[in-house]
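S.K.: Have a look at this one.
The values are calculated or read from the model by the stated rules, or taken from the named source; none is laboratory data. Computed from a predicted structure; not experimentally measured. No Cβ is skipped: glycine too gets one built from the backbone with ideal geometry, and neighbour counts run over all protein chains shown.
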Amino acid sequence: MHEHILRLRENIGKVLFGKYDAVDRVIRCFLARGHLLIEDVPGVGKTVLATALARSIDCSFARIQLTPDLLPSDILGVEIFDRNAGTFHFKKGPIFANIVLADEINRTPPRTQAALLEAMAESAVTVDGRPLPLDPPFMVVATQNPFDFEGTYALPENQLDRFLMRLSLGYPSITEEVRVLDVRPANSPLHELAPVLTRAQVIDLQTRVDQVRVERSILEYIVAFASATRGDERLRHGLSPRGSLALAQAARATALCQGRDYVIPEDVLDNILAVSTHRVIAHAGEAPAAILRDILESVPSPA
């Protein structure tokens with residue numbers, strides 16, 4: 001199974017240069033059945049990363065360009081009247097893909113953002129009172145610009161909590177940027193990416209993530225960290241039980257990606273910021289990442 005993950009990592013790395021940590025995190029998130037939020041300034045490769053993941057898997061892919069005038073029905077689908085049959089039939093929207101790229105999610109108003117919430121939480125949507133399941137694997141990769149950019153809407157806390165991880169790509173190094181200018185990966189190299197994993201192989205890997213062992217001492221460590229965030233005066237809201245579950249699942253995926261069937265404390269530590277910073281709310285002027293690092297130092301790690 002480890003060779004499948006290596007092939008996936010190598011394939012994405014053909015078009016996203018130098019961002020090895022980001023590639024690893026998107027793979028972990030996918031195998032953990034989570035959704036990913038990529039937040040950064042325009043033009044650093046957010047869409048390239050999401051598209052490269054989708055093109056590396058032999059499954060369906062849809063891209064939604066979220067705009068201020070987008071309606072929920074543009075995402076979920078609409079009922080269309082068939083004159084010949086005299087009945088309505090449902091035309092599925094782009095949410096019914098295995099991997100959905102929600103590009104610039106914070107440029108669309110809250111009403112449309114909420115249309116994604118049920119799909120992300122339940123892997124299903126409700127249309128006219130009918131629940132419609134989404135075929136596995138299902139992952140939303142959302143990109144957003146920083147909140148101080150013009151024309152952006154802040155994501156509500158309950159929707160942020162549905163993302164397993166949030167990450168930032170940052171600017172490339174000088175060497176990597178020169179290579180980007182030379183190769184132009186968003187053009188032909190991206191479109192020429194071939195799938196390296198089948199849908200069945202991905203589902204099998206996701207099942208194996210669920211089977212990774214987590215010792216009780218590590219579970220207690222996760223809970224102790226979450227509890228410490230809830231009692232810290234610098235935070236208005238700490239890590240919820242859903243956040244603790246997300247951290248444990250991310251640790252399982254990390255272990256599998258490193259060829260192990262058991263979690264070690266480093267698997268938890270490596271995911272704490274990516275899983276937790278968007279789930280906690282700090283008082284004005286406080287940096288959540290810095291607070292979480294402080295809290296980590298106060299919580300004893302299992303041997």
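S.K.: Just to be sure I understand the filter: pairs with C-beta atoms under 7 Å, separated by 6 or more residues or on different chains, first member in the range 242-270 and crowded, with 20+ Cβ neighbours inside 10 Å, second member among the aromatic types (Phe, Trp, Tyr). Which pairs pass?
M.R.: ALA255/TYR262; VAL268/TYR221
S.K.: Would you call LEU239 loosely packed, with under 15 Cβ neighbours inside 10 Å and either within 18 Å of the chain's Cα centre (by Cα) or in contact (Cβ under 8 Å) with a residue 24 or more places away in the chain (or both)?
M.R.: No, not satisfied.
Yes or no, residue by residue, for (1) of a type outside the set (A, V, I, L, M, F, W, C); (2) modelled with pLDDT under 90; (3) not assigned by TED's automatic domain parsing to the domain that holds LEU155:
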position: ILE57; (1), (2), (3): no, no, no
position: ILE64; (1), (2), (3): no, no, no
position: PHE81; (1), (2), (3): no, yes, no
position: ALA85; (1), (2), (3): no, yes, no
position: PRO94; (1), (2), (3): yes, no, no
position: ASN98; (1), (2), (3): yes, no, no
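S.K.: Looking at ILE38, ILE57 in this structure, which one is buried (at least 21 other Cβ atoms within 10 Å of the Cβ), touching a residue at least 60 places away in the same chain (Cβ under 8 Å) and under 18 Å from HIS191 (Cα atoms)?
M.R.: Just a single option satisfies the conditions, and that option is ILE57.
S.K.: Given (1) under 30 Å from GLY18 (Cα atoms); (2) at pLDDT below 95, where does ASP232 come up short, assuming only one miss?
M.R.: Condition not satisfied by ASP232: (1).
S.K.: I would also like to ask the following. May I ask you to list the residues in the range 23-81 that are β-branched (Val, Ile, Thr) and assigned to a helix (DSSP H, G or I)?
M.R.: Listed by number, the residues that qualify are VAL23, VAL26, ILE27, THR47, VAL48, THR51, ILE75.
S.K.: For the range 96-134, which residues satisfy the criterion of being in contact (Cβ under 8 Å) with a residue 60 or more places away in the chain and closer than 14 Å to ASN158 by Cα?
M.R.: Answer for the range 96-134, where residues must be in contact (Cβ under 8 Å) with a residue 60 or more places away in the chain and closer than 14 Å to ASN158 by Cα: just MET120.
S.K.: Among the residues of the range 213-220, is any among the basic types (Lys, Arg), in a helix (DSSP H, G or I), at pLDDT 95 or above and more than 24 Å from ALA303 (Cβ to Cβ)?
M.R.: Going through the range 213-220, the residues among the basic types (Lys, Arg) turn out to be 213, 216.
Narrowing further to those that are in a helix (DSSP H, G or I): 216.
Now drop any that are not at pLDDT 95 or above, which leaves 216.
Filter again for more than 24 Å from ALA303 (Cβ to Cβ), leaving none.
No.
S.K.: Taking the range 181-202, which residues are β-branched (Val, Ile, Thr) and either surrounded by fewer than 14 Cβ atoms within 10 Å (Cβ to Cβ) or more than 22 Å from the chain's Cα centre (by Cα) (or both)? Walk me through it before giving the result.
M.R.: Our first condition is that a residue be β-branched (Val, Ile, Thr); within the range 181-202, this holds for 183, 196, 198, 202.
Of everything in the range 181-202, those that are β-branched (Val, Ile, Thr) and either surrounded by fewer than 14 Cβ atoms within 10 Å (Cβ to Cβ) or more than 22 Å from the chain's Cα centre (by Cα) (or both) turn out to be VAL183, THR198.
S.K.: Let me ask something additional. Would you be able to say whether some residue in the range 152-173 is within 16 Å of PRO72 (Cα to Cα), over 20 Å from the mean Cα position of the chain (by Cα) and not in a loop (DSSP other than H, G, I, E, B)?
M.R.: Within the range 152-173, not a single residue is within 16 Å of PRO72 (Cα to Cα), over 20 Å from the mean Cα position of the chain (by Cα) and not in a loop (DSSP other than H, G, I, E, B).
S.K.: Give the residue that is nearest to GLU266 (Cα to Cα), with candidates limited to residues of the range 290-303 that are surrounded by 14 or more Cβ atoms within 10 Å (Cβ to Cβ) and either among the small types (Gly, Ala, Ser) or within 24 Å of the chain's Cα centre (by Cα) (or both).
M.R.: Restricting to residues being surrounded by 14 or more Cβ atoms within 10 Å (Cβ to Cβ) and either among the small types (Gly, Ala, Ser) or within 24 Å of the chain's Cα centre (by Cα) (or both), the top hit is SER301.
S.K.: Considering only the range 275-285, how many residues are in contact (Cβ under 8 Å) with a residue 24 or more places away in the chain and farther than 17 Å from GLU297 by Cα?
M.R.: 7
S.K.: Is it true that some residue in the range 125-138 is in contact with a Ser or Thr (Cβ under 7 Å, 6 or more places away or on another chain), in a helix (DSSP H, G or I) and modelled with pLDDT of 80 or more?
M.R.: No, because not a single residue in the range 125-138 is in contact with a Ser or Thr (Cβ under 7 Å, 6 or more places away or on another chain), in a helix (DSSP H, G or I) and modelled with pLDDT of 80 or more.
S.K.: Let me ask something else. If you go through the range 280-288 one residue at a time, do you hit one that is in a loop (DSSP other than H, G, I, E, B) and either among the β-branched types (Val, Ile, Thr) or at pLDDT 95 or above (or both)? Don't jump to the end; show me each part of the working.
M.R.: As a first pass, look at the range 280-288 and keep what is in a loop (DSSP other than H, G, I, E, B): 280, 283-287.
Keeping just the survivors that are either among the β-branched types (Val, Ile, Thr) or at pLDDT 95 or above (or both) gives 280.
Within the range 280-288, one or more residues are in a loop (DSSP other than H, G, I, E, B) and either among the β-branched types (Val, Ile, Thr) or at pLDDT 95 or above (or both).
S.K.: So, one more: Going by the structure shown, is ALA200 assigned to a helix (DSSP H, G or I), in the same structural domain as ALA54 (by TED's automatic domain parsing) and small (Gly, Ala, Ser)?
M.R.: When the stated conditions are applied, ALA200 passes them.
S.K.: Can you find a residue in the range 208-218 that is under 30 Å from GLY18 (Cβ atoms) and of a type outside the set (Lys, Arg)? Walk me through it before giving the result.
M.R.: In the first step, residues of the range 208-218 are kept if they are under 30 Å from GLY18 (Cβ atoms); the result is 208-209, 212.
Right, trim to of a type outside the set (Lys, Arg) and you get 209, 212.
Yes: the range 208-218 contains one or more residues that are under 30 Å from GLY18 (Cβ atoms) and of a type outside the set (Lys, Arg).
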